[in-house]
């Protein structure tokens, strides 16, 4: 194990433990809520990243998965189903839908942008349809609202977020994960090396949808009340894309950084300047796409590189000849 | 029922012309540069808001404001192309497709929120004195504003057709759509053609936006809505065919009206989207129509 | 008139041309022959600026090419008929020809050029209004050449004009090319059909695997494997 790896794992453990202790140490509910939001966004961005960042298939309709997750989980949970099956159902419904569109779409080898605008259209269809079929607000069951324990929900959602990141990590490091990245690099070259692009895209889609649905489930569990079709709004498609890119698409930590940055920036801006966070984030997003495709992760790597070079320069600047 | 259908047909045609106009700009850009500008709807929205401001602040009649809107959108298009899109022209195809899509997406996001800041989320409409006037034929209402919009849309489409058919620049554009390398061998500066197509696309969006603002309304979230409309019609009509695009727009407008009357007003939007998905699946290469408009 | 010196060219990381040197003098009809994939089209792409050379130089009269953007090459008087002709199938014959005279200088003389091209290819005049996509293979090639002539080029580059055409048509096209050369247009002809090319040309270069392996007139070249097999095969 390299030093780098040991440090990473140590940091991870410290981080998780710290997060676990937050509810006991922190009084303010608003910080807990903020963290929960970060967790949910992390799940959202991470799940998108599997298909978009690692496999290179840009999905602009991720809200479909998120929304379906909230719908399934909410409906089941409010009917009295236990929590975990409800959450699971959220993921499953999202995957089922994903397969329904993914199979024909990928089988036909649609051009990249056709897939993307197709996802846009589908998410819109769901948004309108859900808005028509369920044009009302959904409330958590009364007992839940009366006994709403923020801390408990905090831990559940933290666990879900860690689960999501964990799954993403394992998937990416696995052989199928390698195949996905090959498809992103150059689909034709990958095929010629024996990578079945169709299957890998479908796999990435499945995981992306499941975890996206799970994120939705988390939201449904957390949010007291919202309009049924709110979780299908385009904003839930926009956010994960920008977060993943700004943070660093195609990495595990990228979406996490992106989510944190997004939520923190939003809070800061709202308090000081106003609701400009989307304009700022949109600009950052464009800058990343054009100039810094690795996002903040790349920035960090570059800084580290620059820092690690300096000591060496100092050594060799001593004339030895 | 018959009366409702007849009225629906008329309204469908009136809005369909605008769908066609909205799609033509998108189609022009896609055909020439092969970028799918998903911020096209936001450009349309800005055209609408520009006219709105000219009307409310300076009392400019919306139809008279069209030339100014065109100018405004030409500038925005120029800015967007020079600053952003021109950087992606040289990328290999896959990257070009993906990056232009993403950048367009970012631009749309920014424009939408700028609009939100400037004009709030409320619906805005332009209501000149003649706004409510309509003439009635056989019991069917024809609001003048929308009829005028249809006429103007047709005029622009016709003008575009003439431009592409009869002028040297227009032919250069058509040549670039077909085969940009061969066009280069003729001495055609393909980069200039790209720029021209892009700004023309923006200008056409602006005109459509003005017409939408005066006949209907504008609000910041309409961008995505209209981009999708443009995409649907472009896919139905085939890139490169202006008549096809117009017909596609009219069909969409009528299909939506029919759905609203026969099924429910709420599903009006879904019809187009479903058609779109079906066409994408049935003709995945269908966006590259070969017929000349 | 046209001089290439030690041209190296790459497609990405793959080297395609090694030290290509050749020359075309005014009024000549020079052929560049060689087997499939030898680098003939690549050489043309370098000349017309569609591919930038990694090293070496190209001069046309006194102009240094190589850095020029592709669309400027026509202005200098070099016109290319690419492989397959690449006419604009959605446009009419006339429109294709008109586009050949796209440059402002050429536009002014459009009608004159049109007359000239019609005199060489009367079939095109007959089919003036027809959509180019409906033309036969031979007619398309004629249109492609005609289009290239509309700018009254000093140097005409032809990439495999005989490709895919029936032998009778091939003969016909080559007659036209000779005629065009007689009328004062310098021609660089790239051909896989070595036999025909050598009969037409004043001189020829043989290219194999991205390198010029020989040059000379008809008989001199018989020593080359690829040339010989063209005659014996």
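The values are calculated or read from the model by the stated rules, or taken from the named source; none is laboratory data. This is a predicted model, so every value here is computed, not measured. When we count neighbours, we look across all protein chains shown, and the Cβ atoms used for this are built from the backbone with ideal geometry, even at glycine.
Results, tabulated for the structure shown:
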read-out	value
In the stretch C:4-20, the residues that are in contact (Cβ under 8 Å) with a residue 60 or more places away in the chain, closer than 22 Å to residue C:70 by Cβ and either surrounded by 24 or more Cβ atoms within 10 Å (Cβ to Cβ) or out of contact with any helix residue (DSSP H, G or I) (no Cβ under 6 Å at 6 or more places or on another chain) (or both)	C:15, C:17, C:20
Residues within the stretch A:59-79 that are surrounded by fewer than 24 Cβ atoms within 10 Å (Cβ to Cβ) and in contact with a helix residue (DSSP H, G or I) (Cβ under 7 Å, 6 or more places away or on another chain), tallied	2
Residues being away from chain A (no Cβ under 14 Å) and on the phi > 0 side of the Ramachandran plot - total across the stretch B:107-145	2
Subset of the stretch B:238-268 (residues that are under 13 Å from residue B:22 (Cα atoms) and either more than 19 Å from the chain's Cα centre (by Cα) or within 12 Å of chain A (Cβ to nearest Cβ) (or both))	none
Selected residue [modelled with pLDDT of 90 or more and farther than 21 Å from residue B:281 by Cα] from B:255, B:203, B:221, B:260	B:203
Candidates C:191, C:125, C:129, filtered to the one that is within 27 Å of residue C:21 (Cβ to Cβ), modelled with pLDDT of 85 or more and either buried (at least 23 other Cβ atoms within 10 Å of the Cβ) or in contact with a helix residue (DSSP H, G or I) (Cβ under 7 Å, 6 or more places away or on another chain) (or both)	C:191
Checklist (1) within 14 Å of chain C (Cβ to nearest Cβ); (2) surrounded by 23 or more Cβ atoms within 10 Å (Cβ to Cβ); (3) part of a helix (DSSP H, G or I); (4) within 19 Å of the chain's Cα centre (by Cα) applied to residue B:214, failing item	(1)
Residue A:255 being more than 13 Å from chain B (Cβ to nearest Cβ), at pLDDT 90 or above and crowded, with 22+ Cβ neighbours inside 10 Å	yes
Candidate set from the stretch C:156-183 (those that are over 15 Å from the mean Cα position of the chain (by Cα) and assigned to a loop (DSSP other than H, G, I, E, B)); member that is farthest from the other protein chains (Cβ to nearest Cβ)	C:166
Top-ranked residue in the stretch C:47-64 [being within 14 Å of another protein chain (Cβ to nearest Cβ) and either out of contact with any helix residue (DSSP H, G or I) (no Cβ under 6 Å at 6 or more places or on another chain) or free of Cβ contacts under 8 Å to residues at least 24 places away in the same chain (or both); ranked as surrounded by the fewest Cβ atoms within 10 Å (Cβ to Cβ)]	C:52
Residues located in the stretch C:21-38, provided they are buried (at least 23 other Cβ atoms within 10 Å of the Cβ) and part of a loop (DSSP other than H, G, I, E, B)	C:34, C:38
Evaluation of residue A:109 against (1) crowded, with 23+ Cβ neighbours inside 10 Å; (2) within 10 Å of another protein chain (Cβ to nearest Cβ); (3) over 29 Å from residue B:223 (Cβ atoms) (one fails), failing number	(1)
Qualifying positions in the stretch A:80-106 - more than 21 Å from the chain's Cα centre (by Cα) and either within 14 Å of chain B (Cβ to nearest Cβ) or crowded, with 18+ Cβ neighbours inside 10 Å (or both)	A:100, A:103, A:104, A:105, A:106
Condition met for residue B:235 (modelled with pLDDT under 90, crowded, with 24+ Cβ neighbours inside 10 Å and under 16 Å from the mean Cα position of the chain (by Cα))	yes
Selection within the stretch A:58-79 - free of Cβ contacts under 8 Å to residues at least 12 places away in the same chain and within 14 Å of another protein chain (Cβ to nearest Cβ)	none
Looking only at the stretch B:273-293, and only at residues there that are more than 9 Å from chain A (Cβ to nearest Cβ) and at pLDDT 80 or above, the one that is surrounded by the most Cβ atoms within 10 Å (Cβ to Cβ)	B:275
Subset of the stretch B:85-105 (residues that are within 7 Å of chain A (Cβ to nearest Cβ) and free of Cβ contacts under 8 Å to residues at least 60 places away in the same chain)	B:87, B:94, B:98, B:99, B:102, B:103
Condition met for residue A:183 (within 14 Å of chain B (Cβ to nearest Cβ), closer than 30 Å to residue B:31 by Cβ, in contact (Cβ under 8 Å) with a residue 60 or more places away in the chain and not in a loop (DSSP other than H, G, I, E, B))	yes
Among the residues listed as A:171, A:120, the single one being in a helix (DSSP H, G or I) and closer than 30 Å to residue B:282 by Cβ	A:120
The stretch A:37-57 - residue that is surrounded by 24 or more Cβ atoms within 10 Å (Cβ to Cβ) and part of a loop (DSSP other than H, G, I, E, B) and, of those, farthest from the other protein chains (Cβ to nearest Cβ)	A:55
Yes/no for residue A:135 being more than 27 Å from residue A:254 (Cβ to Cβ), in contact with a helix residue (DSSP H, G or I) (Cβ under 8 Å, 6 or more places away or on another chain) and assigned to a loop (DSSP other than H, G, I, E, B)	yes
Residue check, residue A:231 touching a helix residue (DSSP H, G or I) at 6+ places or on another chain (Cβ under 8 Å), modelled with pLDDT of 90 or more, in a helix (DSSP H, G or I) and surrounded by fewer than 24 Cβ atoms within 10 Å (Cβ to Cβ)	no
Unmet requirement for residue A:259, which otherwise passes all of (1) touching a helix residue (DSSP H, G or I) at 6+ places or on another chain (Cβ under 8 Å); (2) within 17 Å of residue B:102 (Cβ to Cβ)	(2)
